[in-house]
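Undergrad: One structure is given below, represented as structure tokens, and several questions about it will come after.
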Amino acid sequence: MIRYFVRRLAYGLLVLLGVVCAVFFLFQGFGDPSRLVIGQRADAATQDNIRRELYLDQPRWKQFVYYLDDISPIAIHSREAITQKGLKGIFIGNAKTALAFKWPYLRRSYQSKREVWDILMEALPGTIILAVAAMLLATIGGIALGVLAAIRKGTWMDTSAIFVSVLGISAPSFFMGIVIAYLFGFVFSDFTGLHMTGSLIDTDPFTGRHLEIRNLLLPALTLGIRPMAIIAQLTRGALLDVLDQDYIRTAYAKGLPPRIVIWKHALRNALNPVVTAITGWFAELLAGAFFVEKIFGWKGIGKVTVDALGTLDFPVVMGSVLITSTFFIMVGLSSDLLYGWIDPRVRLI
């Protein structure tokens with residue numbers, strides 16, 4: 001099991017290294033960062049100082065090495081750089097250089113001059129809450145629809161459930177977000193009491209900051225529609241296979257109520273593919289909330305990233321991509337470990 005974990009961890013680190021390379025060489029080719037930091041009307045001396053601070057006076061490969069040194073949790077830094085960048089961690093060394101065990105330094109925003117790590121960590125809880133809410137909605141709704149379609153196979157309920165699931169899979173999230181925001185947040189706002197935009201924490205000039213759970217409903221619904229449709233189809237197919245098994249017929253022959261047979265015996269054995277889908281979709285929801293957050297004005301990493309793209313704030317965009325990729329790799333590694341623990345045969349793959 002340890003060898004299996006080390007092998008999967010090595011694969012994950014290689015993937016993350018590939019993401020770092022792609023992010024760096026993609027965004028470093030756009031514009032002049034020194035101009036984005038100081039504007040268009042700065043003097044040449046100030047621009048040269050900014051270029052030196054951002055390592056833009058160095059060859060491209062050296063810039064990449066410096067970037068790796070910044071984002072790596074284990075690196076070597078000068079004492080001057082540690083103080084200048086405000087690095088946080090444990091530093092071992094002499095008065096000039098030190099071996100650093102630190103939080104990744106994602107550099108500073110071109111626009112706000114704040115550390116990118118602080119900006120993204122402020123937005124991360126909003127994205128996690130939205131993804132968890134969407135996944136709960138998708139799991140409960142998808143399993144309920146799948147069970148209903150399976151036990152009412154061939155009826156209008158089955159047909160309706162299949163139609164809804166196909167529609168949910170086919171419709172893109174950004175399109176569904178616009179439709180749902182317009183209908184429930186604008187046209188029928190007087191009946192639903194919901195708004196087109198809003199975050200979990202709203203600020204009122206008279207009452208101050210307060211929690212607004214209702215602002216979570218529409219973006220969670222939009223983000224959860226597609227995984228709910230897939231979970232419904234998986235549950236229906238798996239449950240139909242299980243209901244044809246001999247032990248289910250035996251349970252019915254013993255006189256057990258249909259409710260007990262379906263929910264306690266059949267569904268438990270039909271949930272393996274559903275659990276697989278839930279694990280994969282949770283990571284995708286964390287990364288796929290970009291346009292949904294922007295449409296509903298939900299303060300999360302997605303909205304922060306889209307706003308940063310609009311202002312060419314590349315350090316924020318690069319940091320967001322790295323954090324999102326790390327989440328993908330961590331969830332994938334956790335899934336691999338779980339499968340390896342449940343089924344030892346997986347460790348041989």
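The values are calculated or read from the model by the stated rules, or taken from the named source; none is laboratory data. Predicted model only: the values in this text are computed from it and were never measured. Cβ coordinates were reconstructed from backbone atoms using ideal geometry, including for glycine residues, and neighbour counts include every protein chain displayed. We work out accessible area using only protein heavy atoms, side chains counted, and drop any ligands, DNA or RNA first. Shrake-Rupley method; radii C 1.70, N 1.55, O 1.52, S 1.80 Å.
Undergrad: Determine ³J(HN,Hα), in whole Hz, for all residues of region 329-334 in sequence, where each value follows from phi through the Karplus function 6.51 cos²θ - 1.76 cosθ + 1.60 and θ = phi - 60°; x replaces Gly and Pro.
TA: So the Karplus estimates, Gly and Pro as x, are 5, 5, 5, x, 5, 4 Hz.
Undergrad: Still on this model: Under the 0.36 nm per residue contour assumption, what length would be gained going from the current alpha-carbon distance of Lys264 and Asp57 to full extension? The partial results should precede the final answer.
TA: Numbers: separation 207, 0.36 × 207 = 74.52 nm, distance 6.66 nm.
Gain on stretching Lys264 to Asp57: 67.9 nm.
Undergrad: Now for a different question. Just to make sure I understand: if all protein chains stay in place, what is the order of Arg52, Arg108 by accessible area at 1.4 Å, largest first? Working shown, then result.
TA: Numbers: Arg52 130, Arg108 95 Å².
Output order, biggest surface exposure first: Arg52, Arg108.
Undergrad: For the chain, what is the charge dipole size about the Cα centre, in debye to the nearest 20, if Lys and Arg each add +1 at the Cβ and Asp and Glu each add -1 at the Cβ? Each step should come with its number before you reach the end.
TA: On the way: 34 positive and 25 negative charges, 174 e Å.
That gives a dipole near 840 debye.
Undergrad: For region 274-327, restrict the atom set to alpha-carbon positions and state the Rg and Dmax in Å.
TA: For region 274-327, the Cα-based Rg and Dmax read 12.2, 40 Å.
Undergrad: Along Cα→Cβ, 7 Å out, is where each label goes; now give me the distance between the ones at Met330 and Ala171 in nm to one decimal.
TA: 3.2 nm
Undergrad: From the P(r) of region 65-175, can you give the percent of Cα pairs sitting at distances over 16 Å?
TA: Above the 16 Å cut-off, region 65-175 has 73 percent of its Cα pairs.
Undergrad: Okay, moving on. Exceeding 32 Å between C-alpha atoms, which entries from my cross-link table qualify? They are Lys88/Lys299; Lys264/Lys299; Lys85/Lys303; Lys102/Lys303; Lys62/Lys102; Lys62/Lys96.
TA: Lys264/Lys299
Undergrad: Can you classify region 187-324 as rounded, prolate or oblate using the Cα gyration tensor, where a ≥ b ≥ c are the square roots of its eigenvalues, rounded means a/c under 1.5, and otherwise it's prolate if a/b beats b/c and oblate if not?
TA: Cα axes put region 187-324 in the prolate bin.
Undergrad: Run the 1.4 Å probe and let me know the accessible area of Val164, rounded to the nearest 10 Å².
TA: 70 Å²
Undergrad: With each pseudo-label sitting 7 Å past Cα toward Cβ, what's the Thr197-Arg79 distance in nm, one decimal?
TA: The modelled label-to-label distance comes out at 4.9 nm.
Undergrad: Another question about this same structure. If we sort 20-27, 140-147, 187-194, 120-127 on the protection proxy, mean other Cβ atoms within 10 Å, highest first, what's the order? Let's see the in-between values first.
TA: On the way: 20-27: 15.4, 140-147: 21.1, 187-194: 11.6, 120-127: 19.1.
Highest-to-lowest ranking by the protection proxy: 140-147, 120-127, 20-27, 187-194.
Undergrad: To continue, here is another question. Using amide H atoms built in the peptide plane, which far-off residues or other-chain residues are under 5 Å from Ile76 H to H?
TA: Ala100
Undergrad: Accessible area per residue of the chain at 1.4 Å probe, in Å²?
TA: In whole numbers, the chain has 56 Å² accessible per residue.
Undergrad: Apply the Karplus parameterisation 6.51 cos²θ - 1.76 cosθ + 1.60, with θ equal to phi minus 60°, to every residue of region 179-187 and state each ³J(HN,Hα) to the nearest whole Hz, in sequence, with x for glycine and proline.
TA: 5, 5, 4, 5, 6, 8, x, 10, 5
Undergrad: Bin by bin, in steps of 10 Å, what percent of the Cα pairs in the chain do you find, going until the bin that has the longest distance?
TA: 5, 18, 24, 23, 16, 8, 4, 1, 0
Undergrad: If you don't mind, another one. Just to check I understand the Karplus step: with θ = phi - 60° and J = 6.51 cos²θ - 1.76 cosθ + 1.60, what whole-Hz values come out for region 13-19, glycine and proline as x?
TA: Karplus-based 3J(HN,Hα) across region 13-19 equals 5, 5, 4, 5, 4, x, 5 Hz.
Undergrad: According to a simple spin-label model (label point 7 Å from Cα along Cα-to-Cβ), what is the distance in nm between Phe186 and Leu99?
TA: Each label point lies 7 Å from its Cα, and together they span 5.9 nm.
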